[in-house]
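Right, one structure below, let's go through it.
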Amino acid sequence: MTDTTTTAAEILAGFEQSFGGIFERMSWAEDEIAQAQARHPEQADTLFHSFSLLSGGEASARMSVEAVYRAHAREILEWVAAGEDTRPGTAVEVVIGLLAAAERAPLSHEGFGLCARLWIAAGLPDHDEFADKLDHIEALHAARLDAEEADARRACRDDARKLGRIECDGWHHGAQVPCSYIAAA
């Protein structure tokens, strides 16, 4: 009986280890959606149906830090609320790519500047006084950083990250709601 109990405990521990992060990110996503709905009540229904956009794509393995994931989700939800394209790379996705590149070779002056610019834009905590260093780099290379940011966001583009046709049965989280996406009967 001990072998069976141990095996069941190991299975549960493995399940928690494998899926715990996913459930945690789901909770963060729901919270970010609720906050976006409070900021943009006129877009509340669209924001509710935007959960699928917040998966994190290829960069999700590095989005296990709450502040990082939330910044990613917040940017996408702001795009949804504004009716903008949700496919370009988020600031967080670009930063993750730049930091991965920095593990292989040092970033150029402009690469560091772009990383600092997007780190700050994502609202991540100031690290090594990025803001102070960024002012100097922006003064010297703003146009180049603008071009590199556009290129980097294109490179991190996720063509699957877009809202498809939304159909709603009028129930959000178990509560009946007058959602604007309820199909006309």
(Q) Tell me the angle of helix 109-121 to the major Cα principal axis of the chain, expressed in degrees between 0 and 90 and rounded to the nearest ten. (A) 40 degrees
Q | Estimated vicinal HN-Hα couplings, Hz - the range 28-44 in sequence order (Karplus 6.51, -1.76, 1.60; Gly, Pro = x) | A | 5, 4, 4, 5, 5, 4, 4, 5, 5, 5, 5, 6, 10, x, 5, 10, 4
Q. What does the convex hull of the alpha-carbon atoms of the range 55-146 project to on average, in nm²?
A. 6.4 nm²
Q: State to the nearest 20 debye the size of the charge dipole of the chain about its Cα centre, where the only charges are +1 on K and R beta carbons and -1 on D and E beta carbons.
A: 380 debye
(Q) Report the Cα centroid-to-centroid distance between the range 109-185 and the range 70-95 in angstrom, as an integer. (A) 3 Å
Q. Taking H as built 1.01 Å from N, whose amide H comes closer than 5 Å to the amide H of residue 172, not counting residues under 5 places away?
A. 177
Q) In Å², what does the accessible area per residue of the chain work out to with a 1.4 Å probe? A) 59 Å²
Q.
I'd like the orientation of helix 66-82 relative to the chain: the angle between its Cα long axis and the longest Cα principal axis, in ° from 0 to 90, rounded to 10.
A. 90 degrees
Q: Leaving ligands, DNA and RNA out of it, report the carbon-plus-sulfur percent of the accessible area of the range 69-185 at a 1.4 Å probe.
A: 54 percent
(Q) Nearest 500 deg cm²/dmol is fine: what mean residue ellipticity at 222 nm does the chain get from its DSSP H runs of n ≥ 4 alone, each adding -39,500 (n - 2.57), divided by its residue count? (A) -20500 deg cm²/dmol
Q: Only one of the values [x] 20.0, 70; [y] 17.1, 53; [z] 16.0, 46 was calculated from this structure for Rg and Dmax of the Cα atoms in Å; name its label.
A: [x]
Q) Which angle from 0 to 90°, rounded to the nearest 10, does the C-alpha axis of helix 130-155 make with the longest principal axis of the chain? A) 60 degrees
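The values are calculated or read from the model by the stated rules, or taken from the named source; none is laboratory data. Fair warning: this is a prediction, and the values are worked out from it, not measured in the lab. Note: ideal-geometry Cβ built from the backbone for every residue, glycine included; neighbour counts use all protein chains shown. The area values use the complete protein model at the heavy-atom level, side chains included, leaving out ligands, DNA and RNA. Shrake-Rupley method; radii C 1.70, N 1.55, O 1.52, S 1.80 Å.
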